[in-house]
Amino acid sequence: MKTIHKILVVAVVIFTTGGMIVGCSSTKNAYTAATDVQDEFKIEKSGAQMWGEACNRCHLAPSPADYNDTDWSTIALHMRVRANLAENEIAKIETFLKSAN
Amino acid sequence: MKKLTILLMIVGFGHITYGQTYNNFETDSVTAPEPFKPSKTQFMIRGYGHTGLNFMNTEGEKESSYVGSAFAPIFLFKHSDRLMFEAELEFGLENNELEVGLEYADVMYILNKNMTVRAGKFLLPFGTFMERLHPAWINRLPTRPLGFGHDGIAPASGIGVELRGAFDLGGPKLNYAVYSTNGPRLKDGSVEPEEAGMLMFQNFEDNNNSKAFGGRIGLLPFADSSTEIGFSSYSTSKVGTTDSEYENVGVFLYAIDFAFIKQIPAISGFIDIKGQYNNSDIDDATYTEVHEDGDEEEYTFDNKSNSFYAQLSYRPTMASSDFMKKLELVGRYSNLNTPEGAEWEERSDQYAFSLNYWLTWRSVIKVAYQTTDSVGGHDGGGTANGFFIHWAIGF
C-alpha cells in the first residue's frame, strides 16, 4: 500500500510539473500557427454540431433559448470546468448558443 | 446684521443654484441614451429539486411515503472570463428533520487553455457518477447505484486543491484532473462497532498529516465525443488519527468509468450507456468487538470492497409522435461487495428499471421499479423491492 501511494504521489508530481511546463511554454504564436494549419486541412465542425454532441453527454442538451447571453457566458465557464471541455470546443459552442437564443 | 443676512442669503441661494446646475449636469449624463452594457461580474442562482412517492417492500414489510422535497440551490459567481466561484447547498427532509448540507463550495481559475485550478470543497472526479451524473435532473433513475452515497465505498467530495484541464488531440480529446484533499478517516469501531474498518470520507479538519492524492484521466477516442473511458485513483498512506493504533492504515482506491451516447438513426433515437467500477483496498487492521456479556474479542479481515453499475437507456427522439419523443426507457444493474468477516459484510445485486417522461431538457418524471437482493448488510439482507414515482427539475 505504501509503495502504491508513493508511486501515485510521484506520478501526480511529474504530471503536474510536466503539464505546467507544456502549458506555460507553448507560446501564443505557436498555438495560432497550429490552429491555422488545422483550419486549412480540416473541415471544421460547426458550434451547433458540437453542441448536439458534447452537451448531450451527461444531461440532455439545453435549448439555446433558455438563457440570455450573459447567462450563457456564466454557464459556459461552469461547464468548461465541470465537464473538462477543451477550450476551442466550449468557445465554439458558446458562440453558437449566443447566436441561437 | 442686515449685511450679514444678505451675505448669507447670497451664499445660500448661490449654493442652491450651483447645486442645481451640478445636479442637472449629473442627471443629464446618466440619462443620456446608452446601450445596455452587461457587467463583467455575473451572478446566477441555479440548482435543482425533486419530490416523489416511494413504495417499499422489504421482506414483506411494506412502507409507502411521499418523499423528497429536496431543494439544492447552486450559486455561481463569475468575476471574469477566468475566475469563478460555485457553491451548492442541499436541503432535504430526512428522518423527520430538515437536513442541510454544503455539497460543494470552491473557487476556480483558468490558468491557460489546458489548465484550471480549483480549491475548496469540490466534487471529486473519482469516476463520473458523483461528479457528473448524480443530480436528480441528470440521473435517469430515482436512486443511486449501489456503492455510492451513504455507506458507499466511493468518495463523493473532498476539501483541497485540484488541477484539471483538457487537450484537443485534433478529434480525440483527453481530459485530466489531479488533486490533493484531506482524505478519509477510518472508522475504528469505537463509536459504531458495526462499521469498524469503513472509511468516512467526510473529513473537514484532517485527523492526521497525511493528505490523499488522486486523479482521473479521461479519453474520448472519437471526434464525435460519443465515447469516454476514464481511469481514476485515490490513495493516502494514513487514514487513522495521529497517535492512534490505526494511524498508519493506508488506502488505495481506483475506478474505471465508461460512457457512450449517440443518436443512431437506425433505431430512431439516442442510446446512452454508462458504467463505473469502484475498487477499494484498505490495509488490514485489528478491531475490537464487545460482546453483550462485556467480553472483548479482537478480529481482523481482508478489507477489500468493490462495486459496479452499468446503465442503458434509450430515447426515441426521432419517433414521429411528440409523446414518444419525450419518453425514455432505462435499465440499470449494480452490485456491491464488502469485506468478508467485517461487521458490514454484504453482497448485493440490484436491478432497476424506469420509464421516464421528459417535460423539458431539465425536468423529468420517472416511474421506476427496483429490486435488491442482499446477503448481510445493514438490514440483515433479503429482498427489497421498491416502486417510485419521482419528479425532478433543474433550474
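Here are a few things to note about the model shown:
- Neighbours by Cβ (under 6 Å, 6+ apart or cross-chain): first from the stretch A:73-87, at the interface with chain B (Cβ under 7 Å from one of its Cβ atoms); second among the hydroxyl-bearing types (Ser, Thr, Tyr): A:VAL81/B:THR116
- Residue match in the stretch B:226-241 (condition: at positive phi and away from chain A (no Cβ under 14 Å)): no
- Residue within the stretch B:123-140 that is part of a strand (DSSP E or B), facing chain A (nearest Cβ under 10 Å) and either buried (at least 23 other Cβ atoms within 10 Å of the Cβ) or not acidic (Asp, Glu) (or both) present: yes
- In the stretch A:53-68, residue surrounded by the most Cβ atoms within 10 Å (Cβ to Cβ) [restricted to those that are more than 7 Å from chain B (Cβ to nearest Cβ) and either of a type in the set (Phe, Trp, Tyr) or more than 11 Å from B:ILE261 (Cα to Cα) (or both)]: A:TYR67
- Filtered residue count, the stretch B:310-362, keeping only those that are β-branched (Val, Ile, Thr) and more than 14 Å from every other protein chain (Cβ to nearest Cβ): 1
- Tally, over the stretch B:367-384, of residues that are closer than 13 Å to B:TYR333 by Cα and among the acidic types (Asp, Glu): 1
- Test: residue in the stretch B:55-70 that is part of a strand (DSSP E or B) and either more than 27 Å from B:GLY382 (Cα to Cα) or in contact with a Pro (Cβ under 7 Å, 6 or more places away or on another chain) (or both): yes
- Number of positions in the stretch B:285-309 that are surrounded by 15 or more Cβ atoms within 10 Å (Cβ to Cβ) and part of a loop (DSSP other than H, G, I, E, B): 3
- Residue under evaluation B:MET318, criteria (1) modelled with pLDDT under 95; (2) within 25 Å of A:CYS58 (Cα to Cα); (3) not in a loop (DSSP other than H, G, I, E, B), criterion not met: (3)
- Checked against the criterion of being over 20 Å from B:GLN276 (Cα atoms) and either in contact with a Lys or Arg (Cβ under 6 Å, 6 or more places away or on another chain) or crowded, with 20+ Cβ neighbours inside 10 Å (or both), the candidates B:VAL330, B:VAL375 yield just one match: B:VAL375.
- Only one of the numbered conditions (1) in a strand (DSSP E or B); (2) farther than 30 Å from A:ALA61 by Cα is violated by B:LEU312, and that is (2).
- Taking (1) at positive phi; (2) in contact with a strand residue (DSSP E or B) (Cβ under 8 Å, 6 or more places away or on another chain) in turn, B:GLY171 satisfies each apart from (2).
- The residues in the stretch B:235-252 that are closer than 12 Å to B:PHE213 by Cα and among the hydrophobic types (A, V, I, L, M, F, W, C) can be counted, and the count is 2.
- Residue pairs whose Cβ atoms lie under 9 Å apart, separated by 6 or more positions or on different chains, with the first residue in the stretch B:108-122 and more than 7 Å from chain A (Cβ to nearest Cβ) and at positive phi and the second among the acidic types (Asp, Glu) and assigned to a strand (DSSP E or B), are B:GLY120/B:GLU86; B:GLY120/B:ASP106.
- Pick from the stretch B:214-268, criterion assigned to a strand (DSSP E or B) and among the β-branched types (Val, Ile, Thr), ranking: farthest from B:GLY147 (Cα to Cα): B:ILE264
- Looking across the stretch B:175-225 at every residue that is among the aromatic types (Phe, Trp, Tyr) and closer than 15 Å to B:LEU253 by Cα, the one that is farthest from the other protein chains (Cβ to nearest Cβ) is identified as B:PHE201.
- Those residues of the stretch B:195-215 which are of a type in the set (Phe, Trp, Tyr) and more than 11 Å from B:ARG185 (Cβ to Cβ), in sequence order: B:PHE213
- Considering residues of the stretch B:161-174 that are of a type in the set (A, V, I, L, M) and surrounded by 19 or more Cβ atoms within 10 Å (Cβ to Cβ) only, the residue nearest to the other protein chains (Cβ to nearest Cβ): B:ALA166
- Breaking point among (1) among the hydrophobic types (A, V, I, L, M, F, W, C); (2) farther than 13 Å from B:ILE282 by Cβ; (3) crowded, with 20+ Cβ neighbours inside 10 Å, for B:LEU199: (2)
- Among residues of the stretch B:367-395 that are within 14 Å of another protein chain (Cβ to nearest Cβ), those with a beta-carbon under 8 Å from a residue that is outside any loop (DSSP other than H, G, I, E, B) and of a type in the set (Ser, Thr, Tyr) at least six positions away or on a different chain give the pairs B:ALA392/B:TYR48; B:ALA392/B:SER363; B:ILE393/B:TYR48; B:ILE393/B:SER363; B:GLY394/B:TYR48; B:GLY394/B:SER363; B:PHE395/B:TYR48.
- Matching residues, the stretch B:165-190, being aliphatic (A, V, I, L, M) and either out of contact with any Lys or Arg (no Cβ under 6 Å at 6 or more places or on another chain) or closer than 10 Å to A:LEU85 by Cα (or both): B:ALA166, B:LEU169, B:LEU174, B:VAL178, B:LEU186
- Counting the residues of the stretch B:346-385 that are over 30 Å from B:ASP322 (Cα atoms) and either more than 26 Å from the chain's Cα centre (by Cα) or not in a loop (DSSP other than H, G, I, E, B) (or both) gives 17.
- In the stretch B:242-263, the residues that are more than 9 Å from chain A (Cβ to nearest Cβ) and among the aliphatic types (A, V, I, L, M): B:LEU253, B:ALA255, B:ILE256
The values are calculated or read from the model by the stated rules, or taken from the named source; none is laboratory data. Here the structure is a predicted model, which is why all the values come from computation and not from measurement. Neighbour counts run over all protein chains shown; Cβ positions are idealised from the backbone, glycine included.
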